[in-house]
1. Let me know the shape class of the stretch 40-89, please: from the alpha-carbon gyration tensor, a ≥ b ≥ c as square roots of the eigenvalues, rounded when a/c is under 1.5, otherwise prolate if a/b is greater than b/c, or oblate.
2. Near the amide H of Ile77, under 5 Å away, which other amide H atoms are found, from residues 5 or more places off or on another chain, if H is placed in the peptide plane?
3. Below 12 angstrom from the Cβ of Asp67, what's the summed charge of the other residues (Lys, Arg +1; Asp, Glu -1)?
4. For Lys63, give me every one of the lysines with a C-alpha distance below 30 angstrom, ignoring sequence neighbours fewer than eight places off in its own chain.
5. In what sequence do Met112, Met39 fall when counting other Cβ within 10 Å, fewest first?
6. Residue by residue through the stretch 201-209, what is 3J(HN,Hα) from phi via Karplus (6.51 cos²θ - 1.76 cosθ + 1.60, θ = phi - 60°)? Round to whole Hz and write x for glycine and proline.
7. Using helices alone, I'd like the mean residue ellipticity at 222 nm for the chain: each DSSP H run of four-plus residues gives -39500 (n - 2.57), total over residue count, nearest 500.
8. Would you grab the residues whose amide H sits under 5 Å from the one on His9? Only those 5+ places off in sequence or on another chain, please, with H modelled 1.01 Å from N.
Amino acid sequence: MRFFSQRRHFRDLNEQEIIALAISSEEDDARIYRSYAEMLRADFPATTKIFEAMAAEEDEHRKRLIDLHQARFGSVIPLIRREHVAGFYARRPVWLMKNLGIDRIRTEAAAMERDAERFYLAAAAASTDADTRKLLGDLAAAEAGHQDTALHMEHIHLDGTPRENEDDVAKRQFLLTWVQPGLAGLMDGSVSTLAPIFATAFATQDTWTTFLVGLAASVGAGISMGFTEAASDDGELSGRGSPVKRGFASGIMTTVGGLGHALPYLITDFWTATVIAIIVVFIELWAIAWIQNKFMDTPFFRAAFQVVVGGALVFAAGVLIGSG
């Protein structure tokens, strides 16, 4: 866990770097849309044409940004990409979307355009050049139009059943602000504290000492995860919401994840406490897999394999170290 991000903050970028970031982002988005179009070509020809048109428009945005950069700063464009900027929106790898269906791809496309609009609005607000500010504002409006296009694709494929866009936005915000950091904290707290707790348990067979170690590990991990989450992204560009809320969600759930299998050691009998703690660990790991499946669209068996196998390995390491 890192306390400080090595990436730059958006507020520290100059105007040339902001334009360069926009150029690279438009290139990536056009490539993603063409990949979606290729994936859907055989079964959804109408949607394929929509994604191809969206990709072509992203290409046009990129050309306009390059022309602006050449006019203001010359032909050498700085190499800066979204992964270089703290809190900048990330794109889900296309191969993860391949088996999730048209509805999931539609939702992802709408989220992409929402992220891009937010970026252009922030970039326009940071610009002092009139032409640059105008172009960035125009691009924000264009991305907002793309959101409508992506959201309306569902009418073609979902029997014309309308959705409440506000509900979609509210659900996404809830996931980004509370569920995602909380889940990351629960996973970290449940898994990372296994080794120290069970190593102490089998090394000392003292339930009170084991409980104190578990309490310290859980609280320490919670504080660390909370500060890391809050410091890693101010939410300005990513739209993930208040860093304070995300920090609390991550920190509290990390602590809860660790305390789950530390609390049984308040029982004085060592083997009774250990058996209960192992049962709690089993429940925790399967609960994490279920949450990933329900809220994060991760296939259940993939989530179960990642979490349960990983947790089992950490648990085994703690037992072997403590028994040795």
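1. In terms of gyration-tensor shape, oblate.
2. none
3. Neighbourhood net charge equals +2.
4. List returned: Lys49, Lys98, Lys134.
5. Values: Met112 25, Met39 19.
In order of increasing Cβ crowding within 10 Å: Met39, Met112.
6. 4, 7, 7, 10, 6, 10, 5, 5, 4
7. Values: 13 runs with 240 residues, N = 324.
Calculated from helices alone, the mean residue ellipticity at 222 nm is -25000 deg cm²/dmol.
8. Those qualifying (amide H under 5 Å, at least 5 residues apart or on another chain) are Ala86.
Taken together, the values in this text are just the output of simple stated rules run on the coordinates, not laboratory data. These numbers come from a predicted model, not from an experiment. Note that each Cβ is placed from the backbone with ideal geometry, even for glycine, and that neighbours are counted across all protein chains shown.
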